[in-house]
Amino acid sequence: MRAILIFRIIFISAVCIGLFAGGAVAMELIGVVNRVQPAVVTVVTYDFNRDVSGFGSGFFIDPQGHLVTNYHVMDGAYAADVRTLDGNTYPVEAVVAENPASDLIKLRVRIPKASVRWLQAKSELPRIAEPIVVLGSPMGLEQTVSEGIVSGIREMPGFGKFFQISAPISQGSSGGPVVDYEGRVVGIVTFMMVLGQNLNFAVSAKGIEMLGQGRPAKTVSEWTYGKSLDKPGVAETLCRKGFEFSVNGQYDRALKFYEEATTQDPTNTLAWHGLGHCYDGLGKPERVIAVYEQAIRIHPRMRSCGLNWGIIFTRWSNWKIR
């Protein structure tokens, strides 16, 4: 009887501890969400006729009203508004900086400084299995919260590092912040693989630091019109399409996008990197070497292509010797 009593006491204690721990985690999550949500917005884009053309997510990064979202959220837009947690709507005043390769863009929003709540970015990559929270507007459902973990960290030549998350996302989540349990941004939701279950990806928040104001700010319509005349801009868009296939191992489908990108802009390093990466994935080292040699001939300063050429050549030579 005494043994049974002791067992019951231990069992009840374990259950109580588990419930307490679960409650503590839930309260921690609620605290994170309460801190982060005021800085997160829904991005609404408009076409030339001022008709709604799309939705996305974004978040403020400083008290001056600068906001970060995905490049592809704004691609093709002629105007945009952002809607905050309190239901107010503010116009996007200008495109300040962009990086199509990392799928990031910085916008300036016309919003009173007193109304701005902003998030701090963390430049270090998260760890695998680290808990994260994603906020955004999937399918236009504003301020949606999902949680998960960092499932993996990936790298692709020319694109840098990005990471895979288990938190559910959908169309409209793009540009939303991925935050740790301290409320710091560790990444930005960028895309999901429709062919796989819960294969969702985010770019590192370090990319925010690289969004310096390189050119004069433009209105959204000026930016879109200028892009339509810019061949390098077309190449960047093609590279992104190719990347979405190659990251899922669909190298044959990615090839046509990278090939077209090198045609549109032969000096585009990302396009050559992507092309070489696809041939490497298809097990065609001769084509990889030919691609990098061509890239170096066109643009001798492409040192990264030269480095990759050396790596592939060495690996292939060793394979042939064996």
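Considered as a group, the residues in the stretch 116-132 that are in contact with a Phe, Trp or Tyr (Cβ under 8 Å, 6 or more places away or on another chain) and closer than 15 Å to PRO38 by Cβ include one that is surrounded by the most Cβ atoms within 10 Å (Cβ to Cβ), and that residue is LEU119. Each residue in the stretch 209-223 was checked for being at pLDDT 90 or above and assigned to a helix (DSSP H, G or I), and 4 of them qualify.
Criterion first (loosely packed, with under 15 Cβ neighbours inside 10 Å, modelled with pLDDT of 85 or more and of a type outside the set (A, V, I, L, M, F, W, C)) does GLY152 satisfy it? For GLY152, the condition - loosely packed, with under 15 Cβ neighbours inside 10 Å, modelled with pLDDT of 85 or more and of a type outside the set (A, V, I, L, M, F, W, C) - is met.
Scanning the stretch 30-69 for residues that are of a type in the set (Lys, Arg) and not in a loop (DSSP other than H, G, I, E, B) returns a single hit, ARG35. Of all the criteria given as (1) more than 17 Å from GLY175 (Cβ to Cβ); (2) crowded, with 19+ Cβ neighbours inside 10 Å; (3) in contact (Cβ under 8 Å) with a residue 60 or more places away in the chain; (4) assigned by TED's automatic domain parsing to the domain that holds SER204, the one not satisfied by LEU135 is (1).
The values are calculated or read from the model by the stated rules, or taken from the named source; none is laboratory data. These figures come from a predicted structure and were not determined experimentally. Counting neighbours? That spans all protein chains shown, and the Cβs are built from the backbone with ideal geometry, glycine included.
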